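For reference, the structure is listed below as structure tokens.
The values are calculated or read from the model by the stated rules, or taken from the named source; none is laboratory data. From a predicted model like this one, the values you see are computed outputs, not experimental measurements. We place every Cβ from the backbone using ideal geometry, glycine too, and count neighbours over all the protein chains shown. For accessibility, only protein heavy atoms count, side chains too; no ligands or nucleic acids. Shrake-Rupley method; radii C 1.70, N 1.55, O 1.52, S 1.80 Å.
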Amino acid sequence: MVKPFVPQLVYVEPSALEYPLGKELIAKFENMGIEIRETTSHNQIRNLPGDNDFQKYRTAKSTLVIGVRKTLKFDTSKPSAEYAIPFVTGCMGHCHYCYLQTTMGSKPYIRTYVNLEDIFEAADNYMKERAPEPTRFEASCTSDIVGVDHLTHTLKKAIEFFGQSEYGKLRFVTKFAHVDHLLDAKHNGKTRFRFSVNDDYIIKNFEPGTSRLPERIEAAGKVAGAGFPLGFIIAPIYLHEGWKEGYREMLEKLEAELPESAKKDLTFEMIQHRFTKPAKRVIQKNYPMTKLELDETKRKWKWGRYGIGKFVYTNEEQEDIKDTLGRYINTYFPQAKIEYFT
Ligand code: SF4
């Protein structure tokens, strides 16, 4: 069982101490006896403990930076939401295929922002622009926010903020099961709580440092019990020997262990495994022993956002994935909605 995250090292930007959450977090980490260092800006962080890049990468992933979010222009977040809402960046997990390895580059530490009121105000403005259309905000584009939220309770505040909003909706996804503090958040049905799931082989081989499938399913049951709309993202869908059986077993377990109430308003999103050339290089550097199949010749080339091409499965494989997983979902969860396959 993966224990709730505790940082090995904490950095604080002085401006963060002007906010109540900044002060609260520093007091908490002092009490926990964690080393706290000051930094004028996260860009100045140097000298992380570790003898080489491999060790420094691991230290960084267990380092928490307490800072202030300056950019309040939100990125778009298709297809699951209109905007990405920035509360946290980085993650303590070690999934070999994690997209953060390329997007966070040489700064893989976790940053949490304490100026929540500014972020909520910006969200309010985006909602006003689109009203009376609803606006969906995705809180896990640059992190796995649940993984750190037992320490910050930022997500809990966000759930309650959107719970009170007229046109706002919140979504996020997690591979962590540490959800207990979120269960009494006043969500008003405005937050869709999603779990990222995969078959046992994939979680075991490629997702170290995250909660195991039975823990995620148990947490999903609790979340559904608290009345949250629930969803699952099957991602990345990865073809390996026995994948059809693996995914069938996964959905069978979900069906058997979720409470009936959770099955009525359930969504599934399906995302196939993909990689870019830069991602391949970073993965092989950070996880040199990985068994992850990254052979370009077996894949189809596809133009991606920002002009960076990516390697996806061939058309036949994609059809096979859609048919197979779609059939399983329809069999085990006839009331669920499949939102997209990409
Ligand atoms: Fe990346 Fe998500 Fe794994 Fe964290 S849990 S390392 S964000 S894939």
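Out of segment 76-98, which residues are surrounded by fewer than 16 Cβ atoms within 10 Å (Cβ to Cβ) and within 16 Å of the ligand (Cβ to nearest atom)?
As a first pass, look at segment 76-98 and keep what is surrounded by fewer than 16 Cβ atoms within 10 Å (Cβ to Cβ): 76, 78-79.
Hits for segment 76-98: nothing passes.
The single condition among (1) buried (at least 18 other Cβ atoms within 10 Å of the Cβ); (2) more than 12 Å from the ligand (Cβ to nearest atom); (3) β-branched (Val, Ile, Thr) that residue 110 does not satisfy is (2).
Within segment 246-278, the set of residues being modelled with pLDDT under 95 and surrounded by 18 or more Cβ atoms within 10 Å (Cβ to Cβ) comprises 258, 262. If the condition is being closer than 23 Å to residue 101 by Cα, open to solvent by 40 Å² or more (accessible area, probe 1.4 Å) and at pLDDT 95 or above, then segment 129-141 contributes no residue at all. Just checking, does segment 155-166 include any residue being open to solvent by less than 10 Å² (accessible area, probe 1.4 Å), under 23 Å from residue 218 (Cβ atoms), within 15 Å of the ligand (Cβ to nearest atom) and not hydroxyl-bearing (Ser, Thr, Tyr)? Within segment 155-166, one or more residues are open to solvent by less than 10 Å² (accessible area, probe 1.4 Å), under 23 Å from residue 218 (Cβ atoms), within 15 Å of the ligand (Cβ to nearest atom) and not hydroxyl-bearing (Ser, Thr, Tyr). Considering segment 153-166, the residues that are in a helix (DSSP H, G or I) and over 16 Å from the mean Cα position of the chain (by Cα) include one that is nearest to residue 138 (Cα to Cα), namely 162. Within segment 278-293, the residues that satisfy the criterion of being of a type in the set (D, E, K, R) and part of a loop (DSSP other than H, G, I, E, B) are 291, 293. Is there a residue in segment 142-154 that is open to solvent by 10 Å² or more (accessible area, probe 1.4 Å), in contact (Cβ under 8 Å) with a residue 24 or more places away in the chain, aliphatic (A, V, I, L, M) and within 23 Å of residue 250 (Cα to Cα)? There is no residue in segment 142-154 that is open to solvent by 10 Å² or more (accessible area, probe 1.4 Å), in contact (Cβ under 8 Å) with a residue 24 or more places away in the chain, aliphatic (A, V, I, L, M) and within 23 Å of residue 250 (Cα to Cα). Return yes when residue 235 is closer than 14 Å to residue 95 by Cα and within 16 Å of the ligand (Cβ to nearest atom) and no when it is not. When the stated conditions are applied, residue 235 passes them. Within segment 186-230, restricting attention to residues that are buried (at least 22 other Cβ atoms within 10 Å of the Cβ) and small (Gly, Ala, Ser), the residue that is farthest from the ligand (Cβ to nearest atom) is 220. Residues in segment 113-141 that are touching a residue at least 40 places away in the same chain (Cβ under 8 Å), assigned to a loop (DSSP other than H, G, I, E, B) and within 16 Å of the ligand (Cβ to nearest atom): 139, 141.
For segment 34-57, give me each residue that is of a type in the set (Lys, Arg) and buried (at least 16 other Cβ atoms within 10 Å of the Cβ).
Selection gives 56 alone.
The single residue among 47, 31 that is at positive phi and among the polar types (S, T, N, Q) turns out to be 47.
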